[in-house]
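Scroll down for the structure; my scribbles are underneath it.
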Amino acid sequence: MRCSINGKAIAAFATFCTVLVYLEVGAAIFQAIEESHENEQRQNYEQQLHELLKDVDENFHAELKAPCHMVEVLEAKPNVTNTWTFAPTVIFCLTVVTTIGYGYMYPVTDEGRGFCIFFALIGIPLFMACLAVYAQHTANFIRWVCKKLRSIMGGQEEENETVQQIVTVLFCLLVILTFSAYLSYKEKWSYFDSIYFTFISFTTIGFGDLYPQSSDTLFYFLFVFFIILGLISLGTVIEAQTTNFSKFLTFISNTCECMCGKCLTVEKDTMSEYDQDEVNHTKAIHDNKV
């Protein structure tokens, strides 16, 4: 038994390491493809801006509001910071394999877009397999917690599915509220905005209307950690609710079938009685004639 548990733990750790290595390799390739194009684009922008402003008095730069080519260049400027550095690119790769897709950064070269297709085709099923492994471990952990609670409270020994679902929801809420509190502190967002961003991320909706701007190493590490943990916890809750809805719909379907079946049986019985009466009436007329 002990070897089995250790084997599962090793397999889970190996799966997680494989995903991390895949993200890092993908980030390195994306960076090599897109960063050079980004630097070239920035240099071209700075050169165009210099050409437009070299003959203009600096005191009038802030006053230029005319719809001229210079204003168009200013509005279409590229990012003033390096987007395709390694750490942000790892986050980008994570949003690809999780299908969140915030849209805050994306490949613009043909090579980068082609590699993105290849990267997603392998990365998405790989990450889903990793999620499935850790979702199973999370479910086992929740069962263990429920068992400990039952032993402490002196309850029944058999498993209670409702209690397990409640503990799963509470665990998911704890992850959401904790990550939201960290984002609210780090990004100076309102707590509601942080909860909104967290939920949109954990459900992989990923609108992209909000995105954190922090760039320190600790933030990137915690961001990856909470995104993965949130996908596991909320995915477990959604799966449980999907099962509940399926059971409810099955119950409604069976109820309707029973009701319709009963109506058909009553109608059939009524028709049988009517036919028997007709047969008896016809027989009586025939006997009278004889």
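For segment 178-230, give me each residue that is in a loop (DSSP other than H, G, I, E, B) and hydrophobic (A, V, I, L, M, F, W, C).
We begin by selecting, within segment 178-230, every residue in a loop (DSSP other than H, G, I, E, B); these are 188-190, 203-216.
Answer for segment 178-230, where residues must be in a loop (DSSP other than H, G, I, E, B) and hydrophobic (A, V, I, L, M, F, W, C): Trp189, Ile205, Phe207, Leu210.
Being open to solvent by less than 50 Å² (accessible area, probe 1.4 Å), farther than 17 Å from Gly101 by Cα and either touching a strand residue (DSSP E or B) at 6+ places or on another chain (Cβ under 7 Å) or aliphatic (A, V, I, L, M) (or both), is that true of even one residue in segment 235-242?
Initial filter on segment 235-242 (open to solvent by less than 50 Å² (accessible area, probe 1.4 Å)): 235-237, 240.
After this cut, where a residue has to be farther than 17 Å from Gly101 by Cα as well, the list is 235-237, 240.
If we keep only those that are either touching a strand residue (DSSP E or B) at 6+ places or on another chain (Cβ under 7 Å) or aliphatic (A, V, I, L, M) (or both) as well, we get 237, 240.
Checking segment 235-242: at least one residue is open to solvent by less than 50 Å² (accessible area, probe 1.4 Å), farther than 17 Å from Gly101 by Cα and either touching a strand residue (DSSP E or B) at 6+ places or on another chain (Cβ under 7 Å) or aliphatic (A, V, I, L, M) (or both).
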(message) Of the residues Trp189, Trp144, only one is open to solvent by 90 Å² or more (accessible area, probe 1.4 Å) and without any contact (Cβ under 8 Å) to a residue 40 or more places away in the chain; which?
(response) Trp144
(request) Taking the residues in segment 195-209 that are under 19 Å from Ile232 (Cα atoms) and of a type in the set (Gly, Ala, Ser) as candidates, determine which candidate is modelled with the highest pLDDT. (result) Ser201
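Among the residues of segment 26-36, count how many are over 14 Å from Phe118 (Cβ atoms) and buried (at least 16 other Cβ atoms within 10 Å of the Cβ).
Of the residues in that region, 4 qualify.
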(message) at pLDDT 90 or above, surrounded by 11 or more Cβ atoms within 10 Å (Cβ to Cβ) and out of contact with any Ser or Thr (no Cβ under 8 Å at 6 or more places or on another chain): is that true of Gly155 in this structure?
(response) no
(request) Would you mind telling me which numbered condition in (1) farther than 24 Å from Tyr106 by Cβ; (2) open to solvent by 50 Å² or more (accessible area, probe 1.4 Å); (3) of a type in the set (S, T, N, Q) Gln165 fails? (result) (2)
(message) If I filter segment 205-243 down to residues being in contact (Cβ under 8 Å) with a residue 40 or more places away in the chain and over 16 Å from the mean Cα position of the chain (by Cα), which single residue comes out as nearest to Val163 (Cα to Cα)?
(response) Leu222
(request) Evaluate the following for Val96: is it modelled with pLDDT of 90 or more, in contact with a Cys (Cβ under 9 Å, 6 or more places away or on another chain) and among the β-branched types (Val, Ile, Thr)? (result) yes
(message) For segment 122-135, check the following and say yes or no: at least one residue is in contact with a helix residue (DSSP H, G or I) (Cβ under 6 Å, 6 or more places away or on another chain), surrounded by 12 or more Cβ atoms within 10 Å (Cβ to Cβ), more than 30 Å from Gln31 (Cα to Cα) and free of Cβ contacts under 8 Å to residues at least 60 places away in the same chain.
(response) no
(message) I'd like to know if segment 202-222 contains one or more residues that are open to solvent by 70 Å² or more (accessible area, probe 1.4 Å), of a type in the set (A, V, I, L, M, F, W, C), within 22 Å of Ala87 (Cβ to Cβ) and out of contact with any Lys or Arg (no Cβ under 7 Å at 6 or more places or on another chain).
(response) yes
(request) Hey, could you check segment 9-29 for residues that are more than 22 Å from the chain's Cα centre (by Cα) and touching a residue at least 12 places away in the same chain (Cβ under 8 Å) and say which is nearest to Tyr134 (Cα to Cα)? (result) Ala11
(message) Go through (1) part of a helix (DSSP H, G or I); (2) without any contact (Cβ under 8 Å) to a residue 24 or more places away in the chain; (3) in contact with a helix residue (DSSP H, G or I) (Cβ under 9 Å, 6 or more places away or on another chain) for Leu170 and report which single condition fails.
(response) (3)
(request) Residues being closer than 14 Å to Ile122 by Cα, of a type in the set (Phe, Trp, Tyr) and out of contact with any Leu (no Cβ under 8 Å at 6 or more places or on another chain): count how many of those fall in segment 13-39. (result) 0
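The values are calculated or read from the model by the stated rules, or taken from the named source; none is laboratory data. Remember, it's a predicted structure, so these values are computed and weren't measured experimentally. Don't worry about glycine lacking a Cβ; one is built from the backbone with ideal geometry, like all the others, and counts go over all protein chains shown. For accessibility, only protein heavy atoms count, side chains too; no ligands or nucleic acids. Shrake-Rupley method; radii C 1.70, N 1.55, O 1.52, S 1.80 Å.
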